[in-house]
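The values are calculated or read from the model by the stated rules, or taken from the named source; none is laboratory data. Bear in mind the structure is a predicted one, so any value in this text is a computation, not a measurement. All Cβ positions, even for glycine, are placed from backbone atoms using ideal geometry, and neighbour counts span all protein chains on display. Accessible surface areas use protein heavy atoms only, side chains included; no ligands, DNA or RNA. Shrake-Rupley method; radii C 1.70, N 1.55, O 1.52, S 1.80 Å.
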Amino acid sequence: MTPEGAAATSQGRPVLGRQPYRPDIDGLRAIAILLVVGYHIGLPGFGGGFIGVDVFFVLSGFLITGLLVREVRESGRISFLDFYARRIRRLLPALALVVVVTLLLGVLVLLPWELEGTAKSATATGAFVSNIYFWRVTHGYFGEVPETQPLLHTWSLAVEEQFYLVWPILIGFGYWFGRRRPKDVLRWITTVLAITCLASFLLSVAIAGPMPFVNFFLMPPRLWELGAGGLLALSVPYLQRHPRRFGALWVIGGLGVIVATNLIVTSAGPWPGLPALAPVLATVAVVLGGSNSEPNGASGLLGLSPIVSVGRLSYSWYLWHWPLLVLVRLATLEQSLWRDSIIALAALGLAALTYQFVEQPIRRRRFNVVRTPGLTLMVGGMLVGTMLVGGITAARLADRLAATDQYERYAEALSPPNSHHCTVPEVLCVRARNAHAGTVALLGDSMAGAWSESLAQATTSIGMGLRVGTYGGCPFVSEIGLWNDQTHRPKSSSCAARVEDWLGFVQDPDNGITIVVIANVSLPGRRIAEPTEITSVMDGDRRLPMDDALEAWESGLRHTISAITSRGIRVIVLQTAPGLAKPAPDCVPRKGIAECGVKREIIDRYRDPVVQAERRAVEGDALASVWDPEPLFCTDDICLPEDDGVVYYWDAYHPSQAKTVSAAPVIAQLLEGAP
């Protein structure tokens with residue numbers, strides 16, 4: 001991130017790719033890392049602090065492009081060996097140190113399944129593909145929660161590392177096109193890079209809505225941000241002759257836009273896309289404003305010694321702060337602003353030590369093993385190997401721990417139900433074939449999936465068939481719009497189409513459905529793990545408050561039930577499980593059953609509004625009924641996470657397969673006695 005070997009010309013004016021050391025850039029790094037850390041600890045006023053990463057991207061593109069273009073213009077070539085040796089010295093030693101320490105601490109404080117995820121991400125980090133790994137594991141309704149990933153922040157480093165593979169080649173192409181006329185070389189390089197950046201930006205804008213995870217994590221839609229800094233590096237010789245007062249205006253205006261963007265944007269919208277233009281262009285403005293050979297007061301403020309000191313530590317601080325925050329939060333299952341602030345400051349102390357004893361000695365080649373590019377590449381290979389081996393070893397250890405008596409039942413509870421694959425909308429999966437007493441259809445979202453094995457055993461025991469249709473995040477309720485909490489946008493029409501397909505299937509007499517069991521997570525209800533008055537039910541583009549959402553949910557469910565019972569088919573609404581404040585497999589091993597349970601009166605306060613709405617939806621329909629499973633999970637006083645060695649949930653509100661299967665006899669009686 002910092003230019004190596006910067007120097008000035010004899011006239012004191014910077015030339016392309018060769019500038020005197022600029023403390024204002026380190027000052028801008030300080031602002032970027034403060035934004036990121038403030039956002040991660042939940043500091044008020046830092047709701048958009050994730051834009052600090054976008055600032056880092058622009059700065060990296062600016063510095064790297066200057067170095068590469070200077071080299072290609074002076075020597076007519078790019079030494080990939082020298083380039084990647086510099087990148088290794090700059091990035092890998094501190095990264096490898098943090099990854100190894102994170103794995104060691106993870107062995108001490110993480111549960112086996114948490115350690116397994118951390119180990120896999122460590123391996124992906126060593127292979128420079130952690131952004132792809134996190135895109136995969138955090139994608140979808142059942143994706144792993146990003147806040148539980150100690151190495152999540154390495155996604156941005158992977159984007160940079162992948163950028164470093166592509167960018168020198170693009171500069172080489174530009175040089176090749178203009179090589180016959182030296183005065184055109186810079187123009188060709190600029191053209192190639194500009195076209196690439198434009199394509200990347202248009203891609204980001206196009207997929208920001210429909211593919212938000214791809215847009216956020218992967219390098220192609222992020223390239224334009226680094227490329228914006230690169231194009232600035234090519235343009236500085238032509239733009240830096242502005243009067244000093246204009247430079248100050250660029251800096252002040254750019255910093256103002258960065259601060260305003262931090263205050264305005266939130267994680268509730270897709271990113272980067274079009275909104276990311278604001279912090280990217282603002283960073284360009286700040287760097288441009290400080291490029292004049294005549295210093296200005298605004299850039300001078302960024303160059304103050306305390307600010308520069310933080311900027312120099314920004315890389316190591318970025319590496320250390322997130323693993324420490326996540327490990328402590330996972331170990332305690334709590335989040336505190338004061339405690340997290342102390343952890344962030346401790347991470348800054350570790351960053352200072354890392355900078356002094358790891359980063360600087362290696363970058364300055366004080367060790368013989370990194371004095372030549374060839375030796376540096378060998379050391380880089382060893383560091384990569386250390387991360388890969390460390391990740392693989394930790395993953396194997398996690399597997400062994402998960403198989404011990406202490407953790408085995410929790411690991412089994414985390415296994416997804418088989419029915420998660422029954423997602424074809426037009427045809428329901430066959431789970432039980434013996435249908436001489438009729439056929440049951442189990443329909444709904446992930447809650448239906450959680451009960452599918454129990455229904456399969458229950459129907460088999462009483463001579464009934466079972467067809468299953470489930471899809472995470474798509475409840476079997478007609479005529480409602482839904483908000484997607486993961487993509488931060490309304491769900492596509494595919495959910496509504498899926499409901500209509502399932503409805504048509506059960507209404508078709510040729511399919512022989514005699515009972516329909518509807519099981520949904522009950523999206524409008526306030527779950528104790530997610531206490532919010534703003535629901536996932538929508539009216540047009542507006543998310544409905546609780547009372548309106550309950551009314552819409554009741555109306556939609558009544559319409560769905562009526563469409564089925566009008567064909568003489570019986571309906572049972574299997575209501576949502578009570579739920580907990582924390583996921584059972586994460587809480588009980590750490591705090592015990594009693595502390596992880598929740599008083600029934602608290603559960604009922606959150607749950608009763610939707611329970612009553614669903615009861616009202618079946619009133620007056622002789623073929624419809626509801627079944628509340630709460631007595632299976634709760635005593636008179638408390639709702640439990642586990643009892644008699646059976647873990648009740650695989651997260652905070654989805655029942656485990658072990659618990660639902662234990663209720664199969666009750667389900668069988670329910671089906672036999674259905675109205």
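Given R₀ = 25 Å, what would the calculated FRET efficiency be for Thr332 paired with Ile602, taking r from the Cβ atoms and rounding to 0.05?
Working: r = 21 Å, r/R0 = 0.84.
Computed FRET efficiency for Thr332 and Ile602: 0.75.
Going by the alpha-carbon gyration tensor, a ≥ b ≥ c the square roots of its eigenvalues, is region 197-267 rounded (a/c under 1.5) or, if a/c is not under 1.5, prolate (a/b greater than b/c) versus oblate? Kindly include the intermediate steps, with their values, before the conclusion.
Details: a/c = 3.85, a/b = 1.58, b/c = 2.43.
It is oblate, given that a/c is not under 1.5 and a/b is not larger than b/c.
Within region 541-588, list the trypsin sites (Lys or Arg not before Pro) lying in a DSSP loop whose Cβ has at most 14 other Cβ atoms in a 10 Å radius.
Values: sites: Arg542, Arg543, Arg558, Arg567, Arg570; in loops: Arg567.
For trypsin sites (Lys or Arg not before Pro) across region 541-588 that sit outside H, G, I, E and B with at most 14 neighbouring Cβ atoms in 10 Å, the list reads Arg567.
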Considering the dipole of the chain built from charges on the beta carbon (Lys and Arg +1, Asp and Glu -1) around the Cα centre, which of Ser566, Leu377, Pro585 is farthest to its positive end?
Leu377
Lysine pairs with alpha-carbon atoms under 26 Å apart, the chain, spacing 8 or more or separate chains:
7
Rank Val284, Val58, Tyr238 by how far each Cα sits towards the positive end of the charge dipole of the chain (+1 on Lys, Arg Cβ; -1 on Asp, Glu Cβ) and give me just the farthest.
Tyr238
Considering only protein heavy atoms, what is the solvent-accessible area of Lys582 at a probe of 1.4 Å, reported in Å² to the nearest 10?
80 Å²
Cα centroid separation - region 209-280 against region 541-595, whole Å
42 Å
Evaluate the distance, in nm, between pseudo-label points positioned 7 Å from the Cα of Arg615 and of Ala497 along their respective Cα→Cβ axes.
3.9 nm
With labels modelled as points extended 7 Å from the Cα through the Cβ direction, what inter-label distance (nm, one decimal) is found for Thr266 paired with Arg364?
4.7 nm
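What's the carbon and sulfur percent of the chain's accessible surface, probe 1.4 angstrom, rounded to a whole number? Don't skip to the answer; put the middle values down first.
Details: 16860 of 27770 Å².
The value for the chain is 61 percent carbon and sulfur by accessible area.
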Solvent-accessible surface ranking, highest first, for Phe163, Phe505 at 1.4 angstrom:
Phe505, Phe163
Angle check, please: helix 314-332 long axis (alpha carbons) against the longest principal axis of the chain (alpha carbons), in degrees 0 to 90, nearest 10.
20 degrees
Under a 1.4 Å probe, counting only protein heavy atoms, Arg396 has an accessible area in Å², nearest 10, of 150 Å²
Pairing the Cα long axis of helix 51-75 with the longest principal axis of the chain, what angle in degrees results, from 0 to 90 and rounded to the nearest 10?
40 degrees
With +1 at each Lys and Arg Cβ and -1 at each Asp and Glu Cβ, the charge dipole magnitude of region 627-672 around its Cα centre, to the nearest 20 debye, comes out at 220 debye
I'd like to know which of Tyr471, Trp176, Leu35 lies farthest towards the positive end of the charge dipole of the chain, counting +1 on Cβ of Lys and Arg and -1 on Cβ of Asp and Glu.
Trp176
At a probe radius of 1.4 Å, what is the per-residue accessible area of Asp405, in Å² to the nearest 10?
130 Å²
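Could you order Met378, Met447 by accessible surface area, starting with the largest, using a probe radius of 1.4 Å? Working shown, then result.
Working: Met378 125, Met447 0 Å².
Solvent-accessible surface, decreasing: Met378, Met447.
When the Cα atoms of the chain are enclosed in a convex hull and the volume is divided per residue, what value in Å³ results?
Convex hull volume per residue, Cα atoms: 166 Å³.
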With every atom except the alpha carbons ignored, what do you get for Rg and Dmax of region 336-407, in angstroms?
18.5, 52
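Counting DSSP beta bridges with both partners in the chain, what percentage is antiparallel, nearest 5?
Of the beta bridges lying entirely in the chain, close to 45 percent run antiparallel.
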Virtual spin-label span in nm between Ala403 and Ser309, 7 Å along Cα→Cβ:
5.2 nm
For region 93-138, rounded, prolate or oblate, judged on the Cα gyration tensor with a ≥ b ≥ c (square roots of eigenvalues), a/c < 1.5 rounded, else prolate if a/b > b/c?
oblate
Degrees separating the helix 446-461 axis from the principal Cα axis of the chain, which is the longest one:
30 degrees
Expressed as a percent, the portion of alpha-carbon pairs in region 550-634 spaced more than 18 Å apart is 52 percent
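Can you bin region 228-324 into rounded, prolate or oblate? Criterion: square roots of the alpha carbon gyration tensor eigenvalues sorted a ≥ b ≥ c, rounded for a/c under 1.5, prolate for a/b above b/c, oblate for the rest. Could the numbers behind the result be given before it?
Numbers: a/c = 1.90, a/b = 1.32, b/c = 1.44.
Oblate.
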FRET efficiency, 1/(1 + (r/R0)^6) with R0 30 Å, evaluated for Leu198 and Leu249 via beta carbons
0.65
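Express the accessible area of the chain per residue in Å², computed with a 1.4 Å probe while the remaining protein chains stay in the model.
Per-residue value: 41 Å².
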